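So the structure is just underneath, and the comments pick up after that.
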Amino acid sequence: MATEQPHIERVGPPASSEDFLPDVARTYSDRQRIFLLYFVGALVDLVVLGLFDQYSEHVYVDTFTTLVLASIVLQLLLKATIAVEHWVASHFKGKVGAGWKTLRFFCAWLVLFGSKFVILEALSIAFSEDVQFHGWLHGIVWLIIVVVTMVIVEELIVRFYRRLR
């Protein structure tokens, strides 16, 4: 006795020719790529921050919900920091000489290092006692360790992804 398969009606926009192509042949919009970049970055931040919370007495996050929200805030602030650093570096474009190169490096370092204080204060304002970094210099050292770890892990994941071709 054969069983009849139920008819499943397609919900959403009508099928396009792209729906029948393998995923490799699809084209993605810039908005989709940016979303994926931020989404993966926030997940990396979530995992790294969660591991530091679990295995270090210098990082404290109250709940998983706070961990998720803090990861999103961190991702947005880190991307904003990189955008500001690129904007500052663009002022030195076309300038030649060791002095300009040194000044560009110093300004980039200043933005990247100074942003950690902004990030720490933003986390403090947004999450009060629910997200804390303890240790030397009111926790700034551990925040830097966590952020550097996040950036390194993101870079490793991107490099791994690119090798999957």
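Out of everything in segment 45-71 that is of a type in the set (Asp, Glu) and within 22 Å of Ile157 (Cβ to Cβ), what residue ends up being modelled with the lowest pLDDT?
Step one: list which residues in segment 45-71 are of a type in the set (Asp, Glu), which gives 45, 53, 57, 62.
If we keep only those that are within 22 Å of Ile157 (Cβ to Cβ) as well, we get 45, 53.
On the way: Asp45: 88, Asp53: 92.
Looking at the filtered set, the residue picked out is Asp45.
For Leu164, work out the one condition from (1) touching a residue at least 24 places away in the same chain (Cβ under 8 Å); (2) surrounded by fewer than 17 Cβ atoms within 10 Å (Cβ to Cβ) it doesn't fulfil.
Checking Leu164 against (1) touching a residue at least 24 places away in the same chain (Cβ under 8 Å); (2) surrounded by fewer than 17 Cβ atoms within 10 Å (Cβ to Cβ), the one that fails is (1).
Among residues belonging to segment 45-72 that are under 16 Å from Lys116 (Cβ atoms) and buried (at least 19 other Cβ atoms within 10 Å of the Cβ), point out the one that is nearest to the chain's Cα centre (by Cα). Working first, answer last.
Of all residues in segment 45-72, those under 16 Å from Lys116 (Cβ atoms) come to 45, 48-49, 52, 58-59, 70.
Subsequent filtering for residues that are buried (at least 19 other Cβ atoms within 10 Å of the Cβ) retains 45, 48-49, 52, 59, 70.
Numbers: Asp45: 6, Val48: 11, Leu49: 12, Phe52: 16, Val59: 18, Ala70: 11 Å.
Per the stated criteria, the residue is Asp45.
Somewhere in segment 61-80, is a residue in a helix (DSSP H, G or I), in contact with a Gly (Cβ under 7 Å, 6 or more places away or on another chain) and not hydroxyl-bearing (Ser, Thr, Tyr)? Write out each step before concluding.
Start the filter on segment 61-80 by keeping residues that are in a helix (DSSP H, G or I), which leaves 64-80.
Checking which are in contact with a Gly (Cβ under 7 Å, 6 or more places away or on another chain) leaves us with 67, 75.
Applying the additional criterion that residues be not hydroxyl-bearing (Ser, Thr, Tyr) yields 67, 75.
Yes.
Quick one: what pairs do we get from segment 45-65, first residue over 14 Å from Ile144 (Cα atoms), second part of a strand (DSSP E or B), C-beta under 6 Å, 6+ apart or different chains?
So the pair list comes out as Asp53/Val59; Asp53/Val61; Tyr60/Gln132; Val61/Val131.
Can you name every residue in segment 115-136 that is out of contact with any helix residue (DSSP H, G or I) (no Cβ under 9 Å at 6 or more places or on another chain) and surrounded by 12 or more Cβ atoms within 10 Å (Cβ to Cβ)?
Initial filter on segment 115-136 (out of contact with any helix residue (DSSP H, G or I) (no Cβ under 9 Å at 6 or more places or on another chain)): 121, 124-125, 128-129.
Listed by number, the list holds a single entry, Ser124.
In segment 125-141, how many residues are in a helix (DSSP H, G or I) and modelled with pLDDT of 85 or more? Spell out the reasoning first.
In the first step, residues of segment 125-141 are kept if they are in a helix (DSSP H, G or I); the result is 125-130, 136-141.
Next cut, modelled with pLDDT of 85 or more only: 125-130, 141.
Qualifying residue count for the region: 7.
Check Ala42, Ala89 and return the single one that is closer than 30 Å to Val131 by Cα, at pLDDT 75 or above and surrounded by 14 or more Cβ atoms within 10 Å (Cβ to Cβ).
After applying the criteria, what remains is Ala42.
The values are calculated or read from the model by the stated rules, or taken from the named source; none is laboratory data. Worth saying up front: this structure is predicted, and the values here are computed from it rather than measured. Glycine also receives a Cβ, built like all others from the backbone with ideal geometry; neighbour counts cover every protein chain displayed.
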